[in-house]
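Encoded as structure tokens, the structure appears first; notes follow it.
The values are calculated or read from the model by the stated rules, or taken from the named source; none is laboratory data. Quick caveat: nothing in here was measured; it's all calculated off a predicted structure. FYI the Cβ positions are ideal-geometry reconstructions off the backbone, even for glycines, and counts take in every protein chain you see. Calculation scope for accessible area: heavy atoms of the full protein, side chains included, ligands and nucleic acids excluded. Shrake-Rupley method; radii C 1.70, N 1.55, O 1.52, S 1.80 Å.
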Amino acid sequence: MLILLPPSEGKADAGTGRRWAPDKLALPELNPARERVLDALVALSAGPDEAAARTALGLSVGQRGELRRNARLRVAATAPAAQIYTGVLYEALELASLPSAAQRTARRSVLISSGLWGAVRLTDRIPPYRCPIGARLPGVGALSAYWRNELAPAVDAAAGAGPVLDLRSGAYAATWTPRGELAARTVTVRVLHEREVDGVPVRSVVSHFNKATKGRLVRDLLLAGARPRSAAELIGTLRELKYTVQEQDAPAGRPRPVDVVVTEL
């Protein structure tokens, strides 16, 4: 099973070890594409037009320190991606507290989308950075479109013959779309919060807590040692883990969308 996660806006303040080494990253076929984005990001962040750089990266005046950090990415200390990403999803996943067998499975199974790196494994050493998928970089253009042209062969190969649990959302989900037979093995998840309003059940899409639910979902799959061989088995496993899962219709050749309904956030 391949599990696709989004990155987090929250990141560690600094790395703890050696500089970034592209030849040490998973999916090495992405390295030329990563180098182009990195060159563009460093040049933009180190350039004289701070206002333009902040606008491109969605930064406020008070976040100009992010530009200084980006400008030093090639010489910055790194840490495993599992430690760099510190947002809600990763806090709920609590990777470091998982049993060793579950951690090994996570290292094999999880890919994290990234506007800068395309996709990384949990153990890939990267420096903290600021490069949202919505950015448009000089010479590279819109990152969502850029990675859509680069990611497919690498992610298709990483998927192998098993199911794919795609927990990305928004522009990150647009960077890779499975096709054909692989689409039939891919399950996408939307989290809905159900509550009563005047005695009537009402469901709504959640944002912040959507990430926490997805982190807990992945953690539960890893703790259970789940090894589904198909999308149907994956959905069945989620139900066995006491998640309320409702399948939605999908056109032929598209991923299988499911709603995970929660009553507590």
> Does Gly225 meet the test of being surrounded by 15 or more Cβ atoms within 10 Å (Cβ to Cβ) and modelled with pLDDT of 95 or more?
Replying inline: no
>> Tell me whether region 65-74 contains one or more residues that are buried (at least 17 other Cβ atoms within 10 Å of the Cβ) and touching a strand residue (DSSP E or B) at 6+ places or on another chain (Cβ under 7 Å).
In response: no
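Residue under question is Ala157, and the condition is that it be without any contact (Cβ under 8 Å) to a residue 40 or more places away in the chain, assigned to a loop (DSSP other than H, G, I, E, B) and either among the polar types (S, T, N, Q) or under 17 Å from Ser109 (Cα atoms) (or both); does it hold?
No; evaluated as a whole, the condition is false for this residue.
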Residue pairs qualifying under the 6 Å Cβ cut-off, at least six apart or on distinct chains, with the first in region 75-95 being open to solvent by 20 Å² or more (accessible area, probe 1.4 Å) and the second being modelled with pLDDT of 95 or more and assigned to a loop (DSSP other than H, G, I, E, B), are Pro80/Thr123; Ala82/Leu122
Q.
Would you confirm, using the coordinates I've provided, whether Ala171 is open to solvent by 30 Å² or more (accessible area, probe 1.4 Å), modelled with pLDDT under 95 and either within 25 Å of Gly253 (Cβ to Cβ) or outside any helix (DSSP H, G or I) (or both)?
A. yes
Residues in region 30-51 that are surrounded by 13 or more Cβ atoms within 10 Å (Cβ to Cβ) and charged (D, E, K, R) total 4
Next on the checklist: So, Arg195, is that one modelled with pLDDT under 95, over 17 Å from Leu93 (Cβ atoms) and of a type in the set (Lys, Arg) or not?
Outcome noted: yes
